[in-house]
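Asker: This is the structure, below, for whatever I ask next.
Any read-out appearing in this document is the output of simple, stated calculations on the displayed coordinates, not a laboratory observation. Quantities reported herein were computed from a predicted structural model and do not represent experimental measurements. Using ideal geometry, Cβ is built from the backbone for each residue, glycine included, and neighbour counts are taken over all protein chains shown.
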Ligand code: CP
């Protein structure tokens, strides 16, 4: 399957969001609108969550062919808080186990009047192939595509950075870890570039460095100290063992933590007001020390909260675009 669709397929003729497969070619104005809408969905601790009926009568289907906690739960909560019916397909008990293809699964559920498919898959190109197959009123939201794209994660990361830092222009953002296999890093870097971020640094150990063509404008190093120097945002990434070649799966966690783990001592190199991010799921004391993950600079919990708000914003925008198809 092809990896990325032409960006026009994501947008209606007048530029409204119809599907969300990638942050590529989404302009700053659209990203700002998504972030602002998402912020309007936030409520304080102990308050009732934001809720409306903008998806009442609509059906959202979650199809996760790879494991997920945050993305799947937050899409489900987002859809329910907008009044939608939600179908969580249990893929291990589905007819895919009997050999049914992804597209036949989609056709089957489309016949049950699903309006939005939220799809995570280990193969690149699956969301785009589904876009090409569904009826015009149906929207596809990419919830994680191989090592290629995780656009709602990118949006929630942008939202979290904007909350804590205000604007992007003068920021130095350091992303550390298994960049080569990270769809989170790909989407974050795309979004940061669109938002005008001055300095995006990628720090990757040997064997985890990405193709630089996927990261235009970013700098790449294996020197963690250099990457952290004066950084305003530090984002630690999990080692994607499920995507590493066999020989790479033997990476020692202790060795990795000793060389690339984000701990309090190393953070002293960053800006004194630096925030620490992690998309989750995290492996404590591997890519990030437990006390840093729980410490005052950590915004990891905010990222999770923002995930629901962002997914509500995306669901309402794609539903609104139906009027323009
Ligand atoms: N960040 C993220 O995608 O987490 P899940 O795999 O738990 O959805």
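Asker: Rank the residues 260, 215, 107 as a footprinting-exposure proxy: fewest other Cβ atoms within 10 Å of their Cβ go first.
Answerer: 107, 215, 260
Asker: Helix 300-320: angle to the longest alpha-carbon principal axis of the chain, degrees 0 to 90, nearest 10?
Answerer: That helix lies at roughly 30 degrees to the long axis.
Asker: Sorted by average packing, counted as other Cβ atoms within 10 angstrom per residue and highest first, what order do 59-71, 141-153 take?
Answerer: Top to bottom by mean Cβ count within 10 Å: 141-153, 59-71.
Asker: Antiparallel DSSP bridges in the chain: what percent, to the nearest 5?
Answerer: Of those bridges, close to 5 percent are antiparallel.
Asker: Now for a different question. Against the longest alpha carbon principal axis of the chain, how many degrees, from 0 to 90 and to the nearest 10, is the axis of helix 183-194 turned?
Answerer: Approximately 90 degrees, to the nearest ten.
Asker: Okay, moving on. May I ask you to work out the translational diffusion coefficient for the chain at 37 °C, viscosity 0.692 mPa s, via Stokes-Einstein with Rh from the Kirkwood sum over Cα pairs, reported in whole µm²/s?
Answerer: Estimated diffusion coefficient is 163 µm²/s.
Asker: May I pose another question? Test of understanding: in a Gaussian network model of the chain with alpha carbons linked when under 10 Å, which of 208, 235, 159 would top the mean-square fluctuation ranking?
Answerer: 208
Asker: Once you have a ≥ b ≥ c as the square roots of the Cα gyration tensor eigenvalues for the range 151-300, tell me rounded if a/c is under 1.5, and otherwise prolate or oblate according to whether a/b is larger than b/c.
Answerer: Verdict is oblate for the range 151-300.
Asker: 222 nm [θ] for the chain, helices only, -39500 (n - 2.57) per DSSP H run of 4+, per residue, to 500?
Answerer: So the helix-based figure for the chain works out to -10000 deg cm²/dmol.
Asker: Taking neighbour counts of Cβ atoms within 10 Å as a proxy for exposure, in what order, fewest first, do 98, 80, 165, 259 appear?
Answerer: Exposure proxy ranking, most exposed first: 98, 259, 80, 165.
Asker: Which whole-percent values make up P(r) of the range 260-306 when all C-alpha to C-alpha distances are grouped in 5 Å steps starting at zero?
Answerer: That works out to 5, 22, 36, 24, 11, 2, in percent per bin.
Asker: How would the range 50-92 be classified by its alpha-carbon gyration tensor: rounded, prolate or oblate, with rounded meaning a/c under 1.5 and the a/b versus b/c comparison settling the rest?
Answerer: oblate
Asker: I've got another one for you. Answer rounded, prolate or oblate for the range 78-127, using the Cα gyration tensor with square roots of eigenvalues a ≥ b ≥ c: rounded when a/c is under 1.5, else prolate when a/b is larger than b/c, else oblate.
Answerer: prolate
Asker: May I pose another question? So what's the gap between the Cα centers of the range 240-291 and the range 54-113, to the nearest angstrom?
Answerer: 32
Asker: Just to verify a number: FRET efficiency for residue 220 and residue 33, C-beta to C-beta distance, R0 = 25 Å, to 0.05?
Answerer: After rounding, the FRET efficiency stands at 0.20.
Asker: Under a GNM of the chain (C-alpha, springs under 10 Å), which listed residue has the highest mean-square fluctuation: 312, 195, 112?
Answerer: Of 312, 195, 112, the most mobile in the Gaussian network model is 112.
Asker: GNM, the chain, Cα, under 10 Å: largest mean-square fluctuation among 132, 84, 122?
Answerer: Evaluated over the chain, the most mobile residue of the options is 132.
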